Amino acid sequence: MMIFQYNYEYRIKKLLKLVNLRSLNILDFGCGIGNWNEKDINSHSIKKITLYDKNTRLAKVLKKKYNSKKININFSYKEILKKKNFNLVILSSVIQYISPYKLRVLINQLSKNNKRLIFVITDIPYLPRKIEFLLLPFFNVKRFLFILSLVFSNNYRKLNYYLYPKKNFSSYKNIFNVSYIFNLHDLKFLRYTLVLKPKKN
């Protein structure tokens with residue numbers, strides 16, 4: 001069952017300014033149903049987008065949705081870790097389902113083969129789920145109705161949910177330049193975006 005079907009799009013212009021890269025080879029880690037529009041895919045700045053998700057059943061959905069040569073669908077975790085050509089990893093609206101320990105392992109594994117890899121982690125929750133839910137109608141009715149539809153889903157309730165206050169990332173400052181900005185999605189004030197840029201040796 002695919003429970004995450006909320007549709008949003010990246011603010012690609014904002015994203016490009018954040019990473020300051022002219023040629024992007026992107027890994028969209030935890031891509032879900034895919035949130036890239038045709039205009040952004042065809043941007044001269046984007047050379048390749050690799051879509052990866054833990055839910056392998058989404059592969060058929062993505063193959064039907066995207067037929068661009070710039071889109072690569074690869075649901076092999078082992079293969080993803082071996083790739084050296086990515087220069088940007090995006091984790092969008094997925095971090096709350098990854099424990100802090102597993103997130104650190106993931107970042108270490110991905111950057112092991114590529115010391116210049118930039119990470120953009122967006123849609124990061126810092127409020128308890130119930131409090132965020134109560135505030136949602138004041139900030140985004142569409143998303144509130146979407147979450148309301150999930151409240152009664154056993155699959156959703158069984159998911160582990162992790163909060164990430166900004167202090168959680170203080171230990172990353174030894175390796176990365178850490179930046180916190182407004183969310184790249186539609187919850188501008190309830191969630192935030194984190195940018196990890198490798199420090200120059």
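Can you tell me how many residues within segment 22-34 are open to solvent by less than 50 Å² (accessible area, probe 1.4 Å) and either in contact with a Cys (Cβ under 8 Å, 6 or more places away or on another chain) or within 30 Å of LYS199 (Cβ to Cβ) (or both)?
Just the residues of segment 22-34 that are open to solvent by less than 50 Å² (accessible area, probe 1.4 Å), to begin with: 24-34.
Then drop every residue that is not either in contact with a Cys (Cβ under 8 Å, 6 or more places away or on another chain) or within 30 Å of LYS199 (Cβ to Cβ) (or both), which leaves 24-31.
Matching residues across segment 22-34 total 8.
Applying the set (1) touching a residue at least 24 places away in the same chain (Cβ under 8 Å); (2) part of a helix (DSSP H, G or I); (3) open to solvent by 20 Å² or more (accessible area, probe 1.4 Å) to ARG143 leaves exactly one unmet item: (3). Answer yes if at least one residue in segment 95-118 is within 22 Å of ILE147 (Cβ to Cβ), open to solvent by less than 20 Å² (accessible area, probe 1.4 Å), touching a Leu at 6+ places or on another chain (Cβ under 7 Å) and touching a residue at least 12 places away in the same chain (Cβ under 8 Å), and no otherwise. Yes, that holds for at least one residue.
Scanning segment 41-82 for residues that are farther than 21 Å from ASN113 by Cα, open to solvent by 70 Å² or more (accessible area, probe 1.4 Å) and in a helix (DSSP H, G or I) yields LYS60, LYS63, LYS64, LYS65.
With the requirement that a residue be in a strand (DSSP E or B) and surrounded by 15 or more Cβ atoms within 10 Å (Cβ to Cβ), what does segment 160-201 give you?
To start, the set of residues in segment 160-201 that are in a strand (DSSP E or B) comprises 176-182, 191-198.
Matches in segment 160-201: PHE176, VAL178, ARG191, TYR192, THR193, LEU194, VAL195, LEU196, LYS197, PRO198.
The values are calculated or read from the model by the stated rules, or taken from the named source; none is laboratory data. Note that the structure is predicted; figures quoted are calculated from it, not measured. Using ideal geometry, Cβ is built from the backbone for each residue, glycine included, and neighbour counts are taken over all protein chains shown. All accessible areas refer to the heavy atoms of the entire protein, side chains included, with ligands and DNA or RNA removed. Shrake-Rupley method; radii C 1.70, N 1.55, O 1.52, S 1.80 Å.
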